[in-house]
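Trainee: Following this message is one structure expressed as structure tokens.
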Amino acid sequence: MSVIIKPIISEKRTAEAEKFNRYGFLVERSATKTQIKHEVETIYGVKVVRVNTMVQRGKDASRYTKAGMIQGSKSTLKKATVFLSKDDTIDLYSNI
């Protein structure tokens, strides 16, 4: 089973990828840095220098609608920032 859920594609992450050669991924909460490194190297065929991870805590969310206030919560996510060597790049837009 893959530990990588999906790449994070945003303006900030695209700028980081172009300037610093860093890429962001949403990963499983139980994934370790070693597992993430191995997975990125096998899927994309690149050399990973280092991996940083963070857990974004889920928050309560509410919104007002015609039917009244709806309350819920956002799920907790784990994000990984992958640093590649200078020679490697990942083309995240090739499958679109």
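The values are calculated or read from the model by the stated rules, or taken from the named source; none is laboratory data. From a predicted model like this one, the values you see are computed outputs, not experimental measurements. Every residue, glycine as well, gets a Cβ built from its backbone with ideal geometry; the counts of neighbours run over all protein chains shown.
Trainee: Name the residue that is nearest to VAL3 (Cα to Cα), counting only residues in the range 60-89 that are of a type in the set (A, V, I, L, M) and either touching a residue at least 12 places away in the same chain (Cβ under 8 Å) or out of contact with any strand residue (DSSP E or B) (no Cβ under 8 Å at 6 or more places or on another chain) (or both).
Mentor: In this case the residue turns out to be ALA80.
Trainee: Quick check on SER94: is it assigned to a loop (DSSP other than H, G, I, E, B), exposed (fewer than 10 other Cβ atoms within 10 Å of the Cβ) and either small (Gly, Ala, Ser) or touching a Pro at 6+ places or on another chain (Cβ under 8 Å) (or both)?
Mentor: Details: assigned to a loop (DSSP other than H, G, I, E, B): yes; exposed (fewer than 10 other Cβ atoms within 10 Å of the Cβ): yes; either small (Gly, Ala, Ser) or touching a Pro at 6+ places or on another chain (Cβ under 8 Å) (or both): yes.
Here the answer is yes, as SER94 does meet what is asked.
Trainee: Among (1) outside any strand (DSSP E or B); (2) over 23 Å from SER2 (Cα atoms), there is one condition THR34 misses while meeting the rest; what is its number?
Mentor: (2)
Trainee: Mind checking which residues of the range 3-24 are part of a strand (DSSP E or B), under 14 Å from PHE83 (Cα atoms) and either in contact with a helix residue (DSSP H, G or I) (Cβ under 7 Å, 6 or more places away or on another chain) or among the hydroxyl-bearing types (Ser, Thr, Tyr) (or both)?
Mentor: ARG22, TYR23, GLY24, listed by residue number.
Trainee: Condition check: over 23 Å from ASP87 (Cα atoms), more than 16 Å from the chain's Cα centre (by Cα) and free of Cβ contacts under 8 Å to residues at least 60 places away in the same chain. Does ARG57 satisfy that? Step through it out loud before you land on a result.
Mentor: On the way: over 23 Å from ASP87 (Cα atoms): yes; more than 16 Å from the chain's Cα centre (by Cα): no; free of Cβ contacts under 8 Å to residues at least 60 places away in the same chain: yes.
In short, no.
Trainee: Also, I was wondering about something else. Does at least one position in the range 48-61 carry a residue that is in a loop (DSSP other than H, G, I, E, B), crowded, with 17+ Cβ neighbours inside 10 Å and touching a Phe, Trp or Tyr at 6+ places or on another chain (Cβ under 9 Å)?
Mentor: No; the residues of the range 48-61 include none that is in a loop (DSSP other than H, G, I, E, B), crowded, with 17+ Cβ neighbours inside 10 Å and touching a Phe, Trp or Tyr at 6+ places or on another chain (Cβ under 9 Å).
Trainee: Give ALA31, ALA80 a once-over and let me know the one that is modelled with pLDDT of 95 or more, in contact with a helix residue (DSSP H, G or I) (Cβ under 7 Å, 6 or more places away or on another chain) and hydrophobic (A, V, I, L, M, F, W, C).
Mentor: Of the residues listed, the single one that is modelled with pLDDT of 95 or more, in contact with a helix residue (DSSP H, G or I) (Cβ under 7 Å, 6 or more places away or on another chain) and hydrophobic (A, V, I, L, M, F, W, C) is ALA80.
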